[in-house]
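Visitor: Okay, here's the structure, questions in a sec.
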Amino acid sequence: MIDFFGGDAIVNLRDHLLPGLWPLLVAFAASVALVPVAIRVARRTGLMAEPGGHHSHTKPTPLLGGLAMYVGFALAVLIFAPHNQAMTGVLVVSGLAAVLLIADDRWPVSPGIKLALQVLVALVAVGVFGFVITFFGVPGLGGRPQIVELGWFAIPISLFWLLGMQNTVNFLDGVDGLAAGVVFIVALTLLLAAASTKQPEVVQVSGALAGAAAGFLLFNFYPARIFMGDSGSHFLGTALAVISILGVAKVAVAFALAVPILALALPIGDTAWAILRRGRGRQSVARPDTEHLHHRLQAFGLDARQTCYVFYAATALLGALGLTVFGHGRILAVVLVTSAALASTVIADMLQRSGWRVPAPFLRRLLAEPGTR
């Protein structure tokens, strides 16, 4: 496998990563241009998130960010990606999620209806466009992966994956900038993995998804001027699901599906625990609460920005770990340094806010007295 920070870095970047750069930039620009339009439309049509309940915001906030992201994403895919059944499927399935779940933003629907809409999106992806996980790889003797065919289990596993990704991103969308930032990092991870296996189509759609999420993040980072709503979270979750299936379907790399799973390990684990927690309490799985990991981090003392930094760092670290499957060892070292910098920023902010000081008076000698140079 190639490492983009190796001796042939320039050639590798040109041949394998550049196809994803232009869709990323176009989707980013389109998203930046469309989000202000979505804000105005949401205010005129009443698609607003009202404060109260399990929501932490204090004023009505527009909810049409998901539709703006999808249009930016679709525009980049239509311009740069080849026009074939797979790309049509990516656009139709993710667009269906974006449009159908507007209903839950406009008229909050029952958990049963919401689940039915999620199942419909998954069924269209599997039954109409063939987004099916037909095999997975495990390490074999001599370093060669052994392919395990799923057979009849392929369809239920694929449906479970699509439903799981929709709910994972939906549950993650509880702090300003959290879901969009995490999806941006995961999309870049998928782009790198696809570039390693010479899949330009997956590189292009991954770049488009990363660009759409990044453009929206400019308006959604704390304090948010617009929310993505259920429409946006389901669009992002569905897009991640079908792009990862599209990438895995064309390679026989051991643990290839581990790349998106590892990158999303934190929100996936939080989603699984939420399902178990609500099941034990005989509550609806779709019932919102304030017991998610990002809520607990805020209860611990982190603010919205710091909570995002923790998730961003964890996502980047775990995604880089997954990329080592494709030979990107140096990326892990770069991400470790970046994550350490983010962690130190969060810790320093918390210490400054708490007023805590290290009890070491002798260290003052190293500092100038106030008012001196």
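Visitor: Note the full-extension length gain between His83 and Val37 as 0.36 nm times their separation in residues minus their Cα-Cα distance, in nm to one decimal.
Guide: Net length gain for the segment: 13.8 nm.
Visitor: Follow-up question, since we're still on this one. With a 10 Å radius around each residue's Cβ, average the other Cβ atoms per peptide and rank 205-215, 28-38, highest first.
Guide: Order by mean packing, descending: 205-215, 28-38.
Visitor: Only counting other Cβ atoms within 10 Å, I'd like Lys59, Lys114 sorted with the fewest neighbours first.
Guide: Final ranking by Cβ density, sparse to dense: Lys59, Lys114.
Visitor: Determine the equivalent ellipsoid of region 153-199 by diagonalising the alpha-carbon gyration tensor, then write out the semi-axes as square roots of 5 times the eigenvalues, largest first, rounded to whole Å.
Guide: Here the semi-axes work out to 22, 20, 4 Å.
Visitor: Can I ask one more? Under the rule of at least 5 residues apart or a separate chain, name every residue whose amide H is placed under 5 Å from the amide H of Phe135.
Guide: Leu150
Visitor: Further question on the same structure: Quick one: which residues, 5+ away or cross-chain, put their amide H under 5 Å from the amide H of Ala49? H built at 1.01 Å from N.
Guide: For Ala49, the qualifying residues are Thr61, Leu63.
Visitor: Work out from phi, with θ = phi - 60° and the Karplus expression 6.51 cos²θ - 1.76 cosθ + 1.60, the ³J(HN,Hα) of each residue of region 147-152, listed in order in whole Hz, and give x for Gly and Pro.
Guide: Those phi angles translate into 8, 10, 6, 8, x, 5 Hz.
Visitor: When you take every Cα atom in region 15-266, what is the radius of gyration, and what is Dmax, the widest Cα pair distance, in Å?
Guide: 17.7, 63
Visitor: Work out from phi, with θ = phi - 60° and the Karplus expression 6.51 cos²θ - 1.76 cosθ + 1.60, the ³J(HN,Hα) of each residue of region 128-135, listed in order in whole Hz, and give x for Gly and Pro.
Guide: Working through the residues one at a time gives 8, 10, x, 7, 10, 7, 8, 7 Hz.
Visitor: Only counting other Cβ atoms within 10 Å, I'd like Trp152, Trp22, Trp161 sorted with the fewest neighbours first.
Guide: Trp152, Trp22, Trp161
Visitor: If you don't mind, another one. Please report Tyr312, Tyr222, Tyr70 as a ranked list, fewest other C-beta atoms within 10 angstrom at the top and most at the bottom.
Guide: Lowest count first: Tyr222, Tyr312, Tyr70.
Visitor: Follow-up question, since we're still on this one. Tell me, what ³J(HN,Hα) does each residue in region 222-235 have, in order and in whole Hz, if you take phi through Karplus 6.51 cos²θ - 1.76 cosθ + 1.60 with θ = phi - 60° and put x for Gly and Pro?
Guide: Working through the residues one at a time gives 4, x, 5, 8, 7, 10, 7, x, 4, 4, x, 5, 6, 4 Hz.
Visitor: Dipole of region 172-279, Cα-centred, from +1 at each Lys and Arg C-beta and -1 at each Asp and Glu C-beta, to the nearest 20 debye?
Guide: Computed charge dipole of region 172-279: roughly 160 debye.
Visitor: OK, next. Roughly how many debye, to the nearest 20, is the charge dipole of region 15-266 about its Cα centre, given +1 on each Lys and Arg Cβ, -1 on each Asp and Glu Cβ, and no other charges?
Guide: 260 debye
Taken together, the values in this text are just the output of simple stated rules run on the coordinates, not laboratory data. As the structure is a computational prediction, the values presented were derived from the model and not from experiment. Neighbour counts are summed over all protein chains in view; Cβ atoms, including those assigned to glycine, are modelled from backbone coordinates with ideal geometry.
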